[in-house]
Every structure is written in structure tokens, then in C-alpha cells.
Amino acid sequence: MKKRRPKILLTNDDGISALGLAGLYEQIKEISDVTVVAPDSERSAVGHAITLSDPLRVWNFKKNGDFFGYAVNGTPADCVKIAYWALLDHKPDLLVSGINLGSNTGINVIYSGTVSAATEGTILRIPSFAISLTTYTDPDFTYAAKFAKKLAMEVWERGLPQGTFLNVNVPPVKEEEIQGVEITRQGRAIYKERFDKRIDPQKRVYYWLTGKKVELEEDGNVDDRAILNKKVSITPIHYDLTNYKYIHELRTWEITP
């Protein structure tokens, strides 16, 4: 059994001043030596973008006059990279990304900056998980933060397979209403999207993306369905996107030189 306190890196995509990150920090600092490296402002839905053509700037971010962490003018993946390669004098034992405002289930994981930070940690061989609270209305991060602390200790003790991280989604209900934890697969529900056409005060047209999930799967082993059943969803995700089952058939195509 490991005796020392783990060194945990925290990040997110909602920005370093986000309430979800603050709640996570308060819990994680009880069990670890914690470092925060997060975007200086919201970087939601940036996927795994990294900054190549502009300089990254880092500065100390304070709360109530005390040092809280490092703010970076980049993406969540940038934050993990610069923490690992430039800011820290040690390799983190664990990376936790969140707590995100809103769900990261189904195809959302492709777009999510929160999930991409955990992906980047995994690429760097840091055991990682992303955690999200599945609401945008009156969020209470208390239980999600407590759950993250418990899960962090489990990951610290047990480790994760190489190339695999955990994507965690917490239903927005009171702790006593939680119906358990479900180990799930990533759902395949699609979005019916639309662009609202609007006019700004200068009479210029602009568009705002909106939409909702449709064709939600009935299988209880799916992330979205677990949330509807008031269960915490934990999905193991691998960053290898290869469709191995299709390789043999693709080799039969008449496309050789």
C-alpha cells in the first residue's frame, strides 16, 4: 500500500476561476500535494487543440490573496503539456480534469476540452480521469467533488491500463438521491442541431449553435442512460481510435498501386 501523499495535477476547460475547479481543489488538497494549471478563461468544446503558432503565457493566479495555481492563455491540452514539460519539477502521480459544468457523454467526448485534458495526461502516461456534473442549471459541485476525491485514491492505489483514462459523469441530484455507480460504455446518441439566426445591434447577421440529443439508447449500460437513472457513470476510454474490426475488410479493396 502506498504511504506517501500523491502529487495531483488539476485542470479543466471552464477556466481557472470556475466554481467546479474550486470545489474539486478543496477536496483533492485534503489527500494530495495538488497543483492547478488551467486556462485563463473558458475553453469549452475546443477538443484536443494545442497552440503552435502563438506564444503561451503563464502567470500566478491568486484567490483571496493566496496562490491558487497557474493560469495559461491556452487550451486544456496546452495546460497539461506545459505543466508536464515546463512548470512542474516532478511527474504528477495523477491528473484530474474538471469538474466540468455540463455533461461529457456520448459524442461530446470528441469535442470536450475537459476530456481532452485527461487524454493528454494519458498520452504522457499519467493516470487520468475527467469528471463532469451533468447540468448547467444551479450546479452544486459538492457531491461530485467528494466522489472525485474517492476515485482519485482508487486510481492512485490501483493505477490504470496504459492508454486508458476514465470519463466520469455525475447526475445533478442530492447525494442521498444517487442510485449507485455504473460502469458504462460511451453512448452513440446523435444531436439534432440547428443554428439560430440573429441580428446584432449593428444590424449584422450572426448564428448561434443549439440543439438536443435524439435517439438516446435504451441500454442501461450507456453513459447517458446511467445519468437518467441517477447513477454516476464511469466510462473507460482509450485514445486509440482505430476500428480494428474493419482492417481486414479494408485490405480487400482494390486500391493497391
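The values are calculated or read from the model by the stated rules, or taken from the named source; none is laboratory data. On a predicted model such as this, the values are computed, not experimentally measured, just so you know. In this analysis, Cβ positions are derived from the backbone assuming ideal geometry, glycine residues included, and neighbour counts consider all displayed protein chains.
So the values come out like this:
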| read-out | value |
| --- | --- |
| Residue among Gly102, Gly106, Gly74, Gly98 that is buried (at least 22 other Cβ atoms within 10 Å of the Cβ), touching a helix residue (DSSP H, G or I) at 6+ places or on another chain (Cβ under 9 Å), under 21 Å from Thr184 (Cβ atoms) and among the small types (Gly, Ala, Ser) | Gly98 |
| Test for Asp54: is it at pLDDT 95 or above, farther than 21 Å from Asn100 by Cα and among the acidic types (Asp, Glu) | no |
| Hits in the range 72-104 - residues which are polar (S, T, N, Q) and farther than 19 Å from Phe165 by Cβ | Asn73 |
| Which listed residue, of Tyr25, Tyr84, is within 14 Å of Gly121 (Cβ to Cβ), surrounded by 15 or more Cβ atoms within 10 Å (Cβ to Cβ) and either in contact with a helix residue (DSSP H, G or I) (Cβ under 7 Å, 6 or more places away or on another chain) or modelled with pLDDT of 95 or more (or both) | Tyr84 |
| Unique residue being modelled with pLDDT under 95, of a type outside the set (Gly, Ala, Ser) and assigned to a strand (DSSP E or B) when the list is Leu209, Leu166, Leu216 | Leu209 |
| Tyr191 vs. criteria in contact (Cβ under 8 Å) with a residue 12 or more places away in the chain and either more than 22 Å from Val80 (Cα to Cα) or not basic (Lys, Arg) (or both) | yes |
| Gly102 vs. criteria closer than 30 Å to Asp240 by Cβ and in contact with a Gly (Cβ under 9 Å, 6 or more places away or on another chain) | no |
| Meets criteria (more than 22 Å from Glu218 (Cβ to Cβ), more than 16 Å from the chain's Cα centre (by Cα), at pLDDT 95 or above and of a type in the set (Asp, Glu)) for Glu120 | no |
| Selection count, the range 169-199, where residues are of a type outside the set (Val, Ile, Thr), under 30 Å from Lys7 (Cβ atoms) and either assigned to a helix (DSSP H, G or I) or touching a Phe, Trp or Tyr at 6+ places or on another chain (Cβ under 8 Å) (or both) | 1 |
| Residue list for the range 209-257, filter: aromatic (Phe, Trp, Tyr) and closer than 16 Å to Asn104 by Cβ | Tyr239 |
| Scope the range 87-105; condition among the hydrophobic types (A, V, I, L, M, F, W, C) and assigned to a loop (DSSP other than H, G, I, E, B); matching residues | Leu88 |
